[in-house]
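Peer 1: One structure coming up, written as structure tokens, with questions to follow.
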Amino acid sequence: MTPRIIPVDLFDLVVFGATGDLAQRKLLPALFHRDLQGQLPPGARIIGSSRRAMSDAEFRKFAQAAIEAHVPEADRPADCMARFLERLSYVAAEASQETGWLDLEKALKDRDRVRVFYLAVGPDLFGPICDRLGSHNLITERTRVVIEKPLGKSGASARALNESIGKVFAEPQIYRIDHYLGKETVQNLMALRFANALFEPVWNSGHIDHVQITVAETLGVEGRAGYYDTAGALRDMVQNHMLQLLCLVAMEPPTSTAADALRDEKLKVLKALKPITGDAVANLSVRGQYRAGAGEGGAVKGYLDELGDSTSKTETFVALKAEIANWRWSNVPFYLRTGKRLPSRESEIIVTFKPIPHSVFEPSAGPIAPNRLVIRLQPDEGVKLWLMIKDPGPGGMRLSHVPLDMSFADAFGVRNPDAYERLLMDVVRGSQTLFMRRDEVEAAWAWIDPILEAWSGSSELPKPYTSGTWGPSAAVALIERDGRTWYEDEA
Ligand code: BG6
């Protein structure tokens with residue numbers, strides 16, 4: 001199947017932090033891929049900016065190296081590389097000083113095009129950059145600003161950050177990226193729920209027993225220990241990505257996919273999350289920290305060794321039992337689990353339906369397992385629906401639990417674009433549907449804050465787990481106390 005490509009409007013995209021990790025690993029490769037697909041109009045420009053002095057030619061060389069490192073050779077035809085590099089230029093500018101800003105003004109002459117400022121820098125620079133964009137009159141009617149987490153370390157700091165950006169930009173101009181919302185299968189979750197009549201009637205506490213959301217990674221903290229140690233798994237993964245997934249599973253059908261229609265529904269879910277506070281934190285959450293063990297085909301160090309600090313209490317694993325206090329989800333737990341250095345990289349949402357009320361079969365037919373819908377985010381994106389069927393052949397009725405299995409790669413056979421490709425083009429198109437609104441971010445923090453507070457006030461340390469295992473045994477106990485179990489190998 002050939003993907004449909006709709007070219008976007010003419011734009012100037014300024015990437016602050018253009019020599020950083022995000023630009024190299026994600027932004028430049030994503031823009032290159034879109035150019036390769038013919039989505040960038042002739043004349044669209046990408047202007048790199050950072051403190052470092054660099055000529056246009058040097059920035060192009062830098063960008064070429066980043067693309068060569070992150071885009072497979074077969075996707076890099078020479079003519080496309082030349083065309084893409086031609087779009088690039090560079091302006092050195094200091095976020096909190098005047099240096100370079102007049103050059104940026106000169107580089108941005110055309111005020112009619114879409115203008116995007118991507119702040120691929122630390123959050124401490126969001127405010128200073130926005131202030132200068134304002135004072136240099138660089139914000140046009142068609143300007144958008146893109147920011148990414150960490151959007152604060154708590155509700156209070158998120159509010160302060162939102163204030164500093166909100167002084168200069170109006171909410172419809174602010175694009176807060178959560179790259180999970182740009183993933184193909186996350187969008188498919190919406191297709192599955194709202195483009196099929198089958199699921200909605202059973203999508204409630206009358207028919208669903210519980211939901212599990214797992215985002216497991218095999219990687220450790222790699223070169224990001226400095227950042228990670230100030231965040232931990234709850235801030236790094238749950239406050240944003242996992243709560244967004246939970247919202248998409250749990251929200252009411254929006255009236256349309258218009259940005260606010262969808263975001264209003266997600267916000268209602270966040271506000272309906274039952275607060276986990278005080279003593280309940282110890283019962284409903286587990287935090288872990290990896291020790292030395294197995295990973296990436298060999299022996300790997302523990303977190304504290306990687307960090308070089310034996311006193312860190314930062315969690316690299318978290319499991320939670322969340323509940324949504326509304327009519328649809330009453331008594332349907334959402335178990336969330338994420339961690340680094342787990343046995344495999346897999347992210348999935350598993351919806352387990354209630355058991356059948358009565359079996360008509362003889363015990364010899366075997367046990368009847370509940371239906372299960374598995375939405376696999378990565379790798380091997382796809383959807384599986386586990387059903388009971390009869391074993392083939394004579395010899396009486398024997399039942400088996402078997403999946404209807406749809407792998408998107410097999411079904412469509414196309415390259416799955418990286419989330420940033422879709423999200424960057426959505427910014428240019430002016431679509432905020434897949435971006436978080438301010439009140440969503442703050443509502444998510446309101447649920448996370450008391451958990452963080454209880455952890456930091458507790459003398460307990462995160463529970464150790466060996467790298468290459470599914471986290472501390474307390475995470476198993478968290479779900480088994482309810483008579484349920486995490487699906488691991490056979491989901
Ligand atoms: C990022 C986190 O937001 O998401 C990382 O900061 C994490 O710690 C990453 O590894 C996971 O993203 P993906 O797309 O690889 O699942």
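The values are calculated or read from the model by the stated rules, or taken from the named source; none is laboratory data. Computed from a prediction, not measured in an experiment: that's the story for all the values here. All Cβ positions, even for glycine, are placed from backbone atoms using ideal geometry, and neighbour counts span all protein chains on display. To get the accessible areas, we keep the full protein, side chains included, count just its heavy atoms, and leave off ligands, DNA and RNA. Shrake-Rupley method; radii C 1.70, N 1.55, O 1.52, S 1.80 Å.
Peer 1: Residue by residue through the stretch 365-370, what is 3J(HN,Hα) from phi via Karplus (6.51 cos²θ - 1.76 cosθ + 1.60, θ = phi - 60°)? Round to whole Hz and write x for glycine and proline.
Peer 2: Using θ = phi - 60°, the values come out as 5, x, x, 10, 7, x Hz.
Peer 1: Net charge near ARG328, counting Lys/Arg +1 and Asp/Glu -1 over other residues with Cβ under 13 Å of its Cβ?
Peer 2: My count for the surroundings of ARG328 gives -2.
Peer 1: Need one value: the accessible area of ASP21 in square angstrom, 1.4 angstrom probe, rounded to the nearest 10.
Peer 2: 90
Peer 1: Does anyone have the angle between helix 259-272 and the longest principal axis of the chain? Alpha-carbon axes, 0 to 90°, nearest 10?
Peer 2: 50
Peer 1: If we sort 338-350, 155-167 on the protection proxy, mean other Cβ atoms within 10 Å, highest first, what's the order?
Peer 2: 338-350, 155-167
Peer 1: Which of rounded, prolate, oblate describes the stretch 406-491, given a ≥ b ≥ c as roots of the alpha-carbon gyration tensor eigenvalues and a/c under 1.5 marking rounded, otherwise prolate only if a/b is larger than b/c?
Peer 2: oblate
Peer 1: As a test of reading the structure, rank LYS390, LYS321 by solvent-accessible area (1.4 Å probe, protein chains only), most first.
Peer 2: Largest accessible area first, the list is LYS390, LYS321.
Peer 1: With Cβ to Cβ distances under 11 Å as the rule, what net charge do the other residues near PRO150 carry (K, R +1; D, E -1)?
Peer 2: 0
Peer 1: Still on this structure: Can you list residues from other chains, or at least 5 along the same chain, whose modelled amide H is less than 5 Å from the amide H of THR433?
Peer 2: ALA259
Peer 1: Return a whole-number percent for the relative contact order of the stretch 212-281, with Cα pairs under 8 Å and 6 or more residues apart as the contact set.
Peer 2: Value for the stretch 212-281: 24 percent.
Peer 1: Packing-wise, with mean Cβ within 10 Å as the measure, how do 465-476, 129-140 rank, highest first?
Peer 2: 465-476, 129-140
Peer 1: Does anyone have the angle between helix 184-194 and the longest principal axis of the chain? Alpha-carbon axes, 0 to 90°, nearest 10?
Peer 2: That works out to roughly 60 degrees.
Peer 1: With the cut-off at 1.5 for a/c, could you classify the stretch 1-75 from its C-alpha gyration tensor as rounded, prolate or oblate?
Peer 2: In terms of gyration-tensor shape, oblate.
Peer 1: Can I ask one more? Compare the peptides 198-209, 248-259 by average per-residue count of other Cβ atoms within 10 angstrom and give them in order, highest first.
Peer 2: Per-residue mean Cβ counts within 10 Å order the peptides as 248-259, 198-209.
Peer 1: Still on this model: For the chain, find the longest principal axis of its Cα atoms and tell me its angle to the long axis of helix 126-135, 0 to 90°, nearest 10.
Peer 2: 40
Peer 1: Just want to confirm a number: the relative contact order over the stretch 1-75, from Cα pairs under 8 angstrom separated by 6+ residues, in percent.
Peer 2: Averaging sequence separation for qualifying contacts and normalising by length gives 43 percent for the stretch 1-75.
Peer 1: For a bin width of 10 Å, list the pair-distance distribution of the stretch 343-418 built from all Cα-Cα distances, rounded to whole %.
Peer 2: 17, 36, 27, 16, 3
Peer 1: Now, a different point. Suppose a student asked you for the relative contact order of the chain, using Cα pairs under 8 Å spaced at least 6 residues apart; what percent would you report?
Peer 2: After rounding, I find 18 percent.
Peer 1: Then there is this: Which cross-chain or sequence-distant (5 or more) residues have an amide H under 5 Å from the amide H of HIS210, H modelled 1.01 Å from N in plane?
Peer 2: THR352
Peer 1: Excluding ARG76 itself, calculate the net charge of residues whose Cβ lies under 12 Å from the Cβ of ARG76, where each Lys or Arg counts +1 and each Asp or Glu counts -1.
Peer 2: -4
Peer 1: While we're here: Determine the order of LEU85, LEU373 by accessible area, beginning with the largest, at a probe radius of 1.4 Å.
Peer 2: Ranking LEU85, LEU373 by accessible area, largest first, yields LEU85, LEU373.
Peer 1: Using only the Cα atoms of the chain, what are the Rg and Dmax in Å?
Peer 2: In order Rg, Dmax, the Cα atoms of the chain give 24.0, 83 Å.
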